[in-house]
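Take this structure first; my questions come after.
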Amino acid sequence: MKKILILNGPNLNLLGTREPAQYGYTTLADVEAFCQAHGEKIGYEIECFQSNWEGALLDKIHEYGRLYKAGEALGIVFNPGAFTHTSIALHDAVKGVDPLPVIECHISNVHAREEFRHHSWVSPAAAGIVIGFGVDGYLVAIDGLVRKFVNSAATQA
């Protein structure tokens, strides 16, 4: 069974308690559980990883680049958190593992928030972007990844 990584950046471990008016009351553990259940339903193993450390996120992206080349992974759903707006290193990592598809995912609509959140260093390297659907955006991103990179490949064959 191919793997999909749900990768979460800084402060997402605080989901459910951090700014609930912005992010809701669903915890990261809840998000991971419903992503894993959804993956099981559609035939993918979902691995979840969160870190507040940029280097750990880079290492995980690199790991999945190797898994993709080995035919063991489909892609990554990535919420880079605040690193979205600051990390050229994450941009370079996503580009560096191409053609591994990475879907950038944000719980809130970052374009309706502070201006500094309007720019993403990750977006230009991402295969797609899901923004503003709350925690359901993770499921939208998983389904988009499968539809675009599995179903469309089968149609073209």
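The values are calculated or read from the model by the stated rules, or taken from the named source; none is laboratory data. Computed from a prediction, not measured in an experiment: that's the story for all the values here. Ideal geometry is used to build each Cβ from the backbone, glycine not excepted, and the neighbour counts take in all protein chains shown.
Residues Leu15, Leu67: which one is closer than 18 Å to Leu139 by Cβ, in contact (Cβ under 8 Å) with a residue 24 or more places away in the chain and hydrophobic (A, V, I, L, M, F, W, C)?
Leu15
Further question: Provide a single number: the residues in the stretch 119-142 that are acidic (Asp, Glu) and surrounded by 16 or more Cβ atoms within 10 Å (Cβ to Cβ).
So the answer is 0.
Let me ask something else about it. Is it fair to say His62 is over 24 Å from Pro10 (Cβ atoms) and either touching a helix residue (DSSP H, G or I) at 6+ places or on another chain (Cβ under 8 Å) or among the hydrophobic types (A, V, I, L, M, F, W, C) (or both)?
Against the criterion (over 24 Å from Pro10 (Cβ atoms) and either touching a helix residue (DSSP H, G or I) at 6+ places or on another chain (Cβ under 8 Å) or among the hydrophobic types (A, V, I, L, M, F, W, C) (or both)), His62 does not qualify.
Which residue pairs have Cβ atoms closer than 7 Å, lie 6 or more positions apart in sequence or on different chains, and pair a first residue in the stretch 88-102 that is under 13 Å from Gly75 (Cα atoms) with a second residue that is in a loop (DSSP other than H, G, I, E, B) and not basic (Lys, Arg)?
Short answer, once both residue conditions are applied: Val94/Val122; Val94/Ala126; Pro101/Ala127; Val102/Ala126; Val102/Ala127.
Still on this model: Only one of Phe83, Phe78, Phe116 is within 23 Å of Gly24 (Cα to Cα), in contact with a strand residue (DSSP E or B) (Cβ under 6 Å, 6 or more places away or on another chain) and either exposed (fewer than 14 other Cβ atoms within 10 Å of the Cβ) or of a type in the set (Phe, Trp, Tyr) (or both). Can you tell me which?
From the options Phe83, Phe78, Phe116, the qualifying one is Phe78.
Moving to a separate point now. All but one of (1) modelled with pLDDT under 95; (2) closer than 20 Å to Leu14 by Cα; (3) crowded, with 17+ Cβ neighbours inside 10 Å hold for Asn109; state the number of the condition that does not hold.
Result: Asn109 fails condition (3) only.
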